[in-house]
1. Looking at D154, D174, D182, which is the one that is under 21 Å from I3 (Cβ atoms), within 16 Å of ligand 1 (Cβ to nearest atom) and either modelled with pLDDT of 95 or more or not polar (S, T, N, Q) (or both)?
2. Being surrounded by fewer than 19 Cβ atoms within 10 Å (Cβ to Cβ) and over 18 Å from T127 (Cβ atoms) narrows it down to one of S71, S58, S12, so name that one.
3. Taking the options E198, E244, name whichever one is open to solvent by 10 Å² or more (accessible area, probe 1.4 Å) and part of a loop (DSSP other than H, G, I, E, B).
4. Give the residues of segment 211-236 that are within 13 Å of ligand 1 (Cβ to nearest atom), surrounded by fewer than 22 Cβ atoms within 10 Å (Cβ to Cβ) and of a type in the set (V, I, T), sorted by residue number.
5. Residues in segment 94-103: is at least one open to solvent by 60 Å² or more (accessible area, probe 1.4 Å) and within 24 Å of S212 (Cβ to Cβ)?
6. Got at least one residue in segment 48-59 being within 15 Å of ligand 1 (Cβ to nearest atom), of a type in the set (A, V, I, L, M) and under 22 Å from G151 (Cα atoms)?
7. So which pairs qualify, if the first residue must be in segment 1-28 and in contact (Cβ under 8 Å) with a residue 40 or more places away in the chain and outside any helix (DSSP H, G or I), the second must be acidic (D, E) and within 16 Å of ligand 3 (Cβ to nearest atom), the Cβ gap must be under 9 Å, and the two must be at least 6 apart or on different chains?
8. When you scan segment 133-152, how many residues do you find that are under 16 Å from V216 (Cβ atoms) and either surrounded by fewer than 24 Cβ atoms within 10 Å (Cβ to Cβ) or more than 9 Å from ligand 2 (Cβ to nearest atom) (or both)?
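The values are calculated or read from the model by the stated rules, or taken from the named source; none is laboratory data. No experiment lies behind these values; they were computed from the predicted model shown. We place every Cβ from the backbone using ideal geometry, glycine too, and count neighbours over all the protein chains shown. In case anyone asks, the SASA skips ligands and DNA or RNA and just uses the protein heavy atoms, side chains included. Shrake-Rupley method; radii C 1.70, N 1.55, O 1.52, S 1.80 Å.
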Amino acid sequence: MNIEVIKFGGSSLADASKIKNVAKIINQKTQNETNVIVVVSAMGNSTDTLISLAKEMSNDPNHREMDVLLSTGEIVTSTLLSMHLNYSGTPSISLTGTQAGIRTDDVYGRAKIAEIDGSRIKEELKTKKVVVIAGFQGFSDKQDVTTLGRGGSDTTAVALAVALKARICEIYTDVSGVYTADPRICQNAIPLKQIGYEEMLELATTGARVISARAVEVAAINNMPIIVKNTFDSKQSGTIIQTESNMENINKVRGIAHQQKVGKITIKGVPDSPGIASSVFRPLAEANIAVDTIVQNSSSDNLTDLTFTVSIEDLVAAEKVSNSIVKNIGAKEIDSADDVGSVSIVGTGMTSSPGYAATMFEALYNKQVNIEIISTSEIRITCVVKQSNVTKAVQALHDAFKLDVE
Ligand code: ADP
Ligand code: ASP
Ligand code: MG
């Protein structure tokens, strides 16, 4: 079977006329013989609206109920799109994540896909229907609905493409591919023709939300090519994400990523003795909180300060866990901040060329941007800066590395 998986994000499905526009794109796709599986996100910002509603009911909504609630957003779009496809002459059926056979673990709010039983999807494809699947959701062994975490529809699409041995996975969004920086805050950002999995993963992890990091990870492991395209300008060729030989791009910054808001926690007066770091980070890991940059200051009087960042969504939970860590290890107190963000430069071969860090720090200094924390990986340098400086830092770095020149 020649199968194509195409995913449309919430911005492409924000109202009735946009849903009809998506149906048109699908109608065109079905002109040739390809079997089309469509994955959809919830309309516009409707997931945020559902989260706000839940928080009016309880300041810590029950996780199981929350997942059922949030899964309805994607069910709304899948049914509406399927209705319009049928009306406009393309036979179609919508499936929830459960009906599509997407089995996950039982971690509500950030479930991982364990297995996909594609038999129902294949049955429907055989009857020449376009199968429209509600993204971002699955079911646990207890038959409860689970969700995959924010941006999870991208993961649904790539995982389905892998499970059903599709040729390619197309991600349709509201910009013309993966740019050298977020085109909404960097005026001269340009779309990349192609990018390798490794660089894309670093960009996505550090804030380029055009595709979710987990989706890139699934694609990389399974060698599934992804094309990121513009729903509203289908003439643009978009960006292909695939295995890339580094021959041509070595020693080049490929892109700038940013996070407008991250959470920062400092545990003060930590006893400086072996095993302390694990006593801090194990409980955070057990609470499913991913920690980004970590800095341990040099100690005086055998006491040290430990600073780390987490995603802004995890800040409240991280504060709770950190307060209990303080008690357990006999530290002094915690200090938390939500007024910082981050900027990152990403490119293979950076570690072998020390000039990149110097250029980055100089560019930030020239704009009077103070750096609070620095962290590096083999192909990335990240600086935590005040939120109010994030936009100008992105533009300054884009200019310093001349990313507007192909
Ligand atoms: P969707 O609704 O399709 O899931 P998202 O809002 O999640 O769309 O992602 C698309 C947005 O990602 C773009 O509108 C853009 O502002 C943002 N973005 C951030 N970094 C990049 C980048 N490097 N390239 C393209 N878009 C980016
Ligand atoms: N609707 C979910 C979210 O807003 C999932 C997605 O859009 O991919 O995060
Ligand atoms: Mg998205």
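1. On the way: D174 fails: under 21 Å from I3 (Cβ atoms); D182 fails: under 21 Å from I3 (Cβ atoms).
The conditions single out D154.
2. Details: S71 fails: surrounded by fewer than 19 Cβ atoms within 10 Å (Cβ to Cβ); S12 fails: surrounded by fewer than 19 Cβ atoms within 10 Å (Cβ to Cβ).
Being surrounded by fewer than 19 Cβ atoms within 10 Å (Cβ to Cβ) and over 18 Å from T127 (Cβ atoms) holds for just one of S71, S58, S12, which is S58.
3. Details: E198 fails: part of a loop (DSSP other than H, G, I, E, B).
So the residue among E198, E244 that is open to solvent by 10 Å² or more (accessible area, probe 1.4 Å) and part of a loop (DSSP other than H, G, I, E, B) is E244.
4. T231
5. Among the residues of segment 94-103, at least one is open to solvent by 60 Å² or more (accessible area, probe 1.4 Å) and within 24 Å of S212 (Cβ to Cβ), which makes the answer yes.
6. In the first step, residues of segment 48-59 are kept if they are within 15 Å of ligand 1 (Cβ to nearest atom); the result is 48-49.
Checking which are of a type in the set (A, V, I, L, M) leaves us with none.
No, the conditions are met nowhere in segment 48-59.
7. Between residues of segment 1-28 that are in contact (Cβ under 8 Å) with a residue 40 or more places away in the chain and outside any helix (DSSP H, G or I) and residues that are acidic (D, E) and within 16 Å of ligand 3 (Cβ to nearest atom), the close pairs are E4/E170; V5/E170; I6/E170; K7/D154; K7/E170; G9/D154; G9/D174.
8. Matching residues across segment 133-152 total 3.
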